[in-house]
Structure formats: C-alpha cells, structure tokens
Amino acid sequence: ECSSPPADALMQELCRFLLQCLEDLDASLRKLNSRLFVIRGQPTDVFPRIFKEWQTTCLSYEYDSEPFGKERDAAIQKLASEAGVEVMVRTAHTLYNLDRIIELNVGQSPLTYKRFQALVNRMDAVELPAETITAEVVQKCATPLSEDHDDKFAVPSLEELGFETEGLTTAVWPGGETEALMRLERHLERKAWVANFERPRMNANSLLASPTGLSPYLRFGCLSCRLFYFKLTDLYRKVKKNSTPPLSLYGQLLWREFFYTTATNNPCFDKMEGNPICVQIPWDQNPEALAKWAEGQTGFPWIDAIMTQLRQEGWIHHLARHAVACFLTRDLWVSWEEGMKVFEELLIDADWSVNAGSWMWLSCSSFFQQFFHCYCPVGFGRRTDPNGDFIRRYLPVLRGFPAKYIYDPWNAPEEVQKAAKCIVGVHYPRPMVNHAESSRVNIERMKQIYQQFSSYRGLGLLAAVPANPNSVANDGVLNSGTSRGPGGSSEGLFTYTASFPTEKGNSTQKRRREEDISLRSSTKSWRQSN
Amino acid sequence: MKRIKGGEEDGHGPPSGSPPEACKKVRTQASEESEAAGASDAPVSDWARLPQELLLHIFQYLPLLDRAYASQVGRRWNQTFHMPELWRCFEFELNQPASSYLKATHPDLIKQIIKRHSNHLQYVSFKVDSSTESAEAACDILSQLVNCSLKTLGLISTARPSFMEVPKSHFISALTVVFVNSKSLSSLKIDDTPVDDPSLKVLVANNSDTLKLLKMSSCPHVSPAGILCVADQCHGLRELALNYHLLSDELLLALSSEKHVHLEHLRIDVVSENPGQHFHTIKRSSWDAMVRHSPKFNLVMYFFLYEDEFGPFFNEEVPVTHLYFGRSVSKEVLGRVGLHCPRLVELVVCANGLRPLDEELIRIAKHCTQLSAIGLGECEVSCSAFVEFVKMCGRRLSQLSIMEEVLIPDNKYSLDEIHWEVSKHLGRVWFPDMMPTWVPFCDQWRSSIPWKKQAAPWLHQKGACTSGLT
C-alpha cells in the first residue's frame, strides 16, 4: 500500500514537471503565433552552429547567479562574441542584482541574515517584473517556423527520456507557468482573508503538500519572484490601507535571496572542505546511519514519516526539513553534505544555493548560529501534530498505535504493541539512537568546535555574534592551535573550559586559518559570567 | 617560498614574517662571528647563522608542517626544530579514513615524537574519531609515554565516544602509565572513557598535590566513592566536571573543607538512561557549604531528562549559575527555577511546549538578579510578557537568544514592533534568532474564516492514506 516508490519514480516526477513547464510555454507561445524551440545538445556545440544557421544578432538570457551557471554562461558569452552576436543578460531569478548587494557590503557576501536585511533596506526598490508577452508586444515579430518543427524542436516526451508512462497517475505537482499563476492567485486569495498577515501556526495540515504550494514553480522559473513580490505588496496595501509593508512581509522571498547572495561567489558553497564560510566539523563517516535516515528506517516515527513523504511526493514542509536535517547532523553526526545530496535527489524544489545554505545553517556550520537549539525527534512532532495523523498517513504500519505512543512506540507496553499489531523491533525498527545521549554528546562536540572562536569561550552556551562578521580584523585570540608568544607553551591553563595550548599534529592549520578570516569574532572575548 | 642561494643545503626557503629587526641583528652578529666563510657575502647566507634563540622564537610562530620543512634546510635549523621548547605541546589526531574526513597525524611523526621527544611533552591531547582503532591507537601511544612528565592530558572524542569501545583493561593500563609517571598532572580531561575507581586512586596517589582540573563527564565505571577519594585528597582541585550520579553530599562537603582551595567551576550533567529514572537529592546544606567556601564558584548544570523526571530538582535553593535544559522542560519546573536559583547567570531552554511562559519569565527576571544570558528554543512567550521581562532585566542582558517562533504577537505588540521595544530597553539593536524558510510560500496562514477545503487529486493517489486528515 504505502510502499516506498523507487527513486526513479521521483526522477520521473521531476522530469515530468519540467516537460510540462516546457509544454505550457509552447502552448502559450502558440497563441501568439510562435513556438518553443527545444534544441538538444551541449550549449558549446549547439550555439556556434545555431548562430550561423539562424544568422543570430542578439542572444538574451536570464542571469544565473550560481557559480556553475556563471562559468557556463561565460563560455557562451565568449562564443557569442566570437560570432559577433550581441548578448543581453537580465536579472530575473532573484529580486535584486546580487552583485549590487555584495558591492554595498564592501565586496563581500553578507554572512548573517540580519546583515543581509540591513543591506536590502538600503537597496533601491525591486525592479518590476517584465511584462508578459502579449500580441501588442510581439507586433510585427515573426517566428520562422518550418513544417518539420515538431520533428526537430518539439518538447521531448517522458518516453523519449526513458520513462515508463503506463499507469501514470495525475501529477502531484503539475508543471507550467499557467498552473503557477493560478496557484499564486489562490494563495493570495487566502492571504487576503487574514486581516493581520500573522505568522502561521503549524498544524497537522501544514505538513501536507498544499494546493497553493509554489516552491517548485519558483525553482524552475515558472513563477517570477518579482511578480510575487509585487502582488504581495499590492495585497498588503489593499488590506492595510496603503501603509508601507515591513521587510518581514517578504521574509520567505528574502531568505531565498540571502542564500543566493552568499552562494554566488563561492564555488565551494556546497562543500565543507575549502569553503571559507563553513566551520570544519569532524563529521562521522557513517554510511549505515545515513542509509537508515535516507530510507526512513530510523525507528523514530516522526523522522521516518517525513522521509517517507519526501520519497513518495518529492516535497516536505520546511519545518519537516528542519526536523530531519537536525536529526541527521545533530543526532547522527553525519555531514550536512550527505543530507544535502539526498535532498537534491528527492526534492522537487531544491535549488543549489538554498539547499546548501539551509543545510549549513541547520547543522550550525555557518552563519553564526547559536547551536543550543536542537529539535527533538519525538517532542517536536508531537507538538506539531498531537494526534499523530501525519505518522499514520505515511507509516501505516503504526496506524494502530494510540496518540500517546505513536511518536515513541518503543515505550509502549507489550499489550499496546500487540493490539496495534506492530511489535517494535519486528514490524518497525527500534530507535537507532538514544536521543538524550546523542544530544548530550552533540552539545559537547559543538562546544568543543566552537571554542576555537574566542567569542564562544567561557562557561556559557550562548555566544556573541560578532558585530561585524565581515570585517577582516585580526583579533589574534582566535586560534588556540598555534603556540604563540615567547617561550612557546604557557603555564597551567585555567580557562574555565580547559583549552589546551596544543600543537596541531597535522596540516589542518591551513583550513583553520581560512575559517578564522571569515569567522572573525569581535575583539571582546566573551567572559560575561563573572 | 624563496629558495636560499648558497647556504648549506638546498631546500625550502625561510618562513615568511620574520621581524625586520632580526635581519639587522643577524648582520651585526654574522660580521662578528669567527666563522669567516660567507660572512661578508650576500646577506642571504646569514639565514643559516641565525642564533638559535632567535630561530626558536621564530619557529614557535610556525605551524608544525612549515616548521618541519624548515628543519630540512640545514643542520642548525634541524637542531632547533628538535629543541625541547618546541615539543612541550602536542595534539595527536587519530582518524581512520573509513570513519572520518579529517587527516591524521602521520604515523612516522608519532614514532619520532615518542622516540625523541616524549620526555619533552608536557601538554598533550588526543583527538580521536568514532572508530575503535583510533581510540586504541591513542592508548598505545599513551602506554609508551613512560618518560613523560605530563602537566596536561586530554582524551577527546570528536564524534562518537570511541574510548568506551576500547577493552577496559587496555585503556586503564595505558592511563595508569601516565598517572604513575607524570606525578605532576595538573589538568586531566577524560570524559566518555572507561576510567574506574582504582585508576582514580592511582591518579590521586601520584598527583594529588598538583591536580587542578578534572573533567570526567559520562564515565560510567566510576562510583561516588571513587570521586570522593579525589576530592578528599586533591585539595588544589579547582575545576570538576562529572555526572549527577557521582554527586553526593559528602563530595560537596569534601570540596568545601578548610584544606580545599576555592572551587572555581563545577559542571554537572544530569542524563536520563531510561524513562522514569529516579535521581537522588542533594541537601540544601551541602550546597550552602559550597557557596560559603567558594562564594564565586560557577555551577553549570546540563539536564537531559524526560519532563516527568524533574521531581527531585529545584525544590530548594540551588546555587546554579549556568543552566541548560537539553530536552523539553515543563512550565512548572521553570517556575521553580525562578524561585530557587538566585545565582543564575545563564539560562538556556531547548524546548518547552505550547503554553506561554509569561509568568515564569517574569519571575525569573525578578528573582534571578544576576541573569545576563538567556536562550529560548521551541517555547512560547507573549510579546508583552517578553517586553516586560527585558524591561525588568535591563542592560544586564548581554545575551538574548530567542528564536523568532517563540514570540507570540498580542494586542500590544506585533513582531515588527517588538524588536524596537526590546532594543530600546537593552540599549542596543536586537533581533530574534531566525531559522531559514527553506520553502518559500508553503505555509498555510492562520485564518479566522475557514476557507473552502479543496480535495486535492493526490489525496487519492496510490499509497495515500485518507484516515484522519482531510
């Protein structure tokens, strides 16, 4: 019944979405006596040929801020200039021109969301989205259509890409701009009924894919973030009688923008090694634990249900993402890179910048996070959906458990398990960790790592985020690894956390230095307790 | 790196960053030296004649790898590389490629250190990954440190506690080698290890005069009697970290005895092994004795309990200064904290629940007059109560780490207004902590008018369960 479909099914879902987007675009163009031309092949091979064949004079495309996108586009620009083709690039995938934000921040990507917000406040207004193409816009332009257009340039079908289409059910996420715009309207309609634009309260329903969910459309570009921005602004003004919308209204859009900004100049953004903004954490290499997590076999129903939904539908709520990301990196101590790769494979709306950035954030690897906060794989779920309906939906084997035990079935007495026809350890796995123990170990490890940075030394778990995380000022106190000062080693160390003035026995010094440069703390060392 | 012209051997160039004064000194010294060869030549060859004290000073600024390269330059530099002063501190990193991403200290280097420098080592730590092999390798090295007179020893797990997987006897015998030979151990960090009572006796027998710091959280083979022995004999102990099951009234009294120095820091982990676990209580008088003896001492307590296991705690005054609740803690317990923790400096609550902590926070602001840092995770507080709390604490709050979801807007304050109010009372710009919204546009908004439910087609897709949720 609720068996896990193979990953291929999700790849199929993704491809189907993309193809539907293209078909939708083609259909919209047809109404204007034009068509979509889908050309197959490598851009570097295709473009020179096309430029000649079609006598191209101008090439335009949307700016891609991600490092690989920039590299690819630079190659294409070169080809274009060699062929004498004018190139027009426009920012459309993000609200702002990200380079301007970085410029405003003295040439560096902002490292905290607060700083990013402050910069955005100083930016000029967001540019209006481009108008939609109408007959007036097209006017006298003509598309050179040939009779064999469908043979040469049609949108590929799922079969052509190698997928089985027999017995295919309706798409969970129908692709295309038309669908995206319709959902946008419905989404805003619902917002209009809420007088206060309050923060939403999580409930069981929130966990399910919403009919007005927009994230995959945003990722694939069917929906313009600027369009959403302005529609939201208009709606706010209507409801709140023309007052200026606060920055927090655009919170969700700005988070996306923030991650794009931090990622754009950092080709190592999705890695720990060589990534100047990522704390080097000694994660465990534990493929067994990773597999259990990825396959929803952790023995924690909350985690397993979420991962099952992810596998089946390609989408999970953002707080569900927090829960499973936390579990992987904090309870299992597995690298965020592994989790990121799983999400990349399974999520229909994952994009490079946001996915990597969010994983780094959740694993306390960057962005000056306080690390004390750790979601409980039992409690968090229970508080969100006390009745456990979400669990029952995706893990039918646990359906028989009462709400009291459905989040921690291993604690249920034998009679309850028998009545539920599900014995823990037989029909459903035992919990793979003891959360109390793993959170204890975790907080110790985090403290150990963060003690390298002077703002975290001391007794407390909380630490001062540096006033200006981007300043490259050398406070000199940071690196406890090198033995500095005359005489080399210092005498007995009674800093309250017993940091040893030890010598690093290998070449991790270099890595540390890179961290230091980007994670400079303020010159005040944190010693507030006494 | 620059290459040296002339000099004794070809090799890697000198390290960068030598102070310019050294150059002058070298030149004067070189011209005064009896060795005539190359003295009046290009200054480059003077590098080889840097006086050893200066070389040593410079080498101390270099990381080990660069220093090792430098040692290949010539005999003089090689000699300096091996001077004892450079081998006082060492951190052995033991990782297996199968279990860790990190590199390990090279085995040849380890051999060299044991052979040539073990008697120079004074401050040593071992960092091991999750694998048992790494922990065993650490024990093997420890066993060979017979000529060592260590002042500091740290056994640090960077991931899962792998020392616990080492056969106990192997671990104990390795540790005992250090205890017996060092005789002047001052700091010892052995958390998450199978250390036991007899080995603590050995520690005490050899190092009681010098021991100042002992961290042994989560050492399940130690009993309250074992740690009591340490407290009774090591009167210089200033920092101690252990689990709650080792804490006793006798221990606190021993630490407050006249012979004992002032304790500076006591860290206690309270961890639940099984739900419904029972914990003993500590008498108020024992805590009072501690405070009398060491009025400035910091008591750090980390709780990892189920909500219903807090019965024995916070019923009387306890001198805790730093309090961390790593799991969900009830409103009621937080209320008791407000009443009974007058020395509280930092409070961090990972999770509480969905009932607002308004009263509890106000009470804490009132009674915990030393509170300067607070962190709230999955909790709820109304904006008004939060503003009141901040007002009462005022500028002594140097750390205010509140997750954005914690604050519930009410008729007095919205989320946008609250950060100004709070900033005003704190005297600095303040924002709540945020979690990224991973998925734009996915939230369902709280609505006063129920919207028409639309049956989404996928609710009836294969595998979808229709029970409960509509």
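Straight-distance candidates among the aspartates and glutamates for linking to A:LYS421, with alpha-carbon spacing under 16 Å and chain neighbours fewer than 8 residues away dropped: A:ASP408. Among the trypsin sites (Lys or Arg not before Pro) in the range B:171-208, those placed in a DSSP loop whose Cβ has at most 16 other Cβ atoms within 10 Å are B:LYS183. The charge dipole of the range A:35-122, taken about the Cα centre with unit charges on the Cβ atoms of Lys, Arg (+1) and Asp, Glu (-1), comes to about 260 debye, rounded to the nearest 20.
Amide hydrogen proximity for A:MET123: with H placed 1.01 Å from N in the peptide plane, no residue at 5 or more positions away or on another chain lies under 5 Å.
So which GluC sites (Glu not before Pro) in the range B:208-269 are both in a DSSP loop and have at most 15 other Cβ atoms within 10 Å of their Cβ? Working shown, then result.
Working: sites: B:GLU239, B:GLU250, B:GLU258, B:GLU264; in loops: B:GLU258, B:GLU264.
Taking the range B:208-269 and a limit of 15 other Cβ atoms within 10 Å, the loop GluC sites (Glu not before Pro) found are B:GLU258.
Would you mind checking the pairs B:LYS168/B:LYS212; A:LYS114/B:LYS215; A:LYS447/B:LYS412; A:LYS140/A:LYS238; B:LYS331/B:LYS424 and listing those with alpha carbons more than 30 angstrom apart? Long pairs (Cα-Cα over 30 Å): A:LYS114/B:LYS215; A:LYS447/B:LYS412; A:LYS140/A:LYS238.
How do B:MET392, A:MET307, A:MET272 line up, fewest other C-beta atoms within 10 Å first?
B:MET392, A:MET272, A:MET307
Write down the percent of antiparallel bridges among all DSSP beta bridges whose residues are both part of the range B:328-419, to the nearest 5. The antiparallel proportion sits near 0 percent.
Cα-Cα over 27 Å: which of B:LYS259/B:LYS296; A:LYS271/B:LYS103; A:LYS70/B:LYS103? Beyond 27 Å: A:LYS70/B:LYS103.
Among B:ARG355, A:ARG72, B:ARG238, B:ARG343, what is the fewest-to-most ranking by other Cβ atoms within 10 Å?
On the way: B:ARG355 11, A:ARG72 14, B:ARG238 23, B:ARG343 19.
Fewest-to-most Cβ neighbours within 10 Å comes out as B:ARG355, A:ARG72, B:ARG343, B:ARG238.
If you take all other residues with their beta carbon under 12 Å from the beta carbon of B:LEU339, and give Lys and Arg +1 and Asp and Glu -1, the sum is -2. I need the calculated FRET efficiency for the pair B:ARG284 and B:LYS115, taking r as the beta carbon distance and R₀ as 56 Å, to the nearest 0.05. After rounding to 0.05, the efficiency reads 0.50.
Quick one: Cα centre-to-centre distance for the range A:427-449 and the range A:334-370, in angstrom? Rounded to whole Å, the Cα centres lie 20 Å apart. Taking the number of Cβ atoms within 10 Å of each Cβ as an exposure proxy, the fewest-first ranking of B:SER218, B:SER187, A:SER157 is A:SER157, B:SER218, B:SER187. Cross-link partners for B:LYS127 among the aspartates and glutamates, with Cα-Cα distance under 17 Å and sequence neighbours closer than 8 places in the same chain left out: A:ASP284, A:GLU444, A:GLU503, B:GLU91, B:GLU93, B:GLU136, B:ASP140, B:GLU165, B:ASP191, B:ASP192.
Count charges around A:ILE102 for me, please; just the other residues with Cβ under 14 Å from its Cβ, Lys/Arg as +1, Asp/Glu as -1.
Values: positive: A:LYS70, A:ARG100, A:ARG115, A:ARG122; negative: A:ASP99, A:GLU103, A:GLU257.
Here the count lands on +1.
Work out the length of the dipole vector of the range A:327-453 about its Cα centre, built from +1 on the beta-carbon of each Lys and Arg and -1 on the beta-carbon of each Asp and Glu, and round it to the nearest 20 debye. That gives a dipole near 500 debye. For B:ASP410, the residues 5 or more places off, or on other chains, whose built amide H falls under 5 Å of its own are B:CYS383, B:SER384.
Taken as Cα centroids, the range B:379-409 and the range A:102-144 sit 36 Å apart, rounded to the nearest whole angstrom.
Using the crude model of +1 on Lys and Arg Cβ and -1 on Asp and Glu Cβ, and no other charge, please compute the dipole size for the range B:88-211 relative to its Cα centre, in debye to 20.
Details: 12 positive and 13 negative charges, 95 e Å.
That gives the range B:88-211 a dipole magnitude of about 460 debye.
Across the options B:LEU188, B:PHE90, B:SER134, the greatest Cα extent toward the positive end of the charge dipole of the range B:88-211 (unit charges at beta carbon of Lys, Arg, Asp, Glu) belongs to B:PHE90. Counting only other chain Cβ atoms within 10 Å of each residue's Cβ, the peptide B:58-68 averages 5.
A short reminder: the numbers here are calculations on the coordinates, not readings from a lab. This is a predicted model, so every value here is computed, not measured. As a convention, Cβ positions derive from the backbone with ideal geometry for all residues, glycine included, and neighbour counts pool all protein chains shown.
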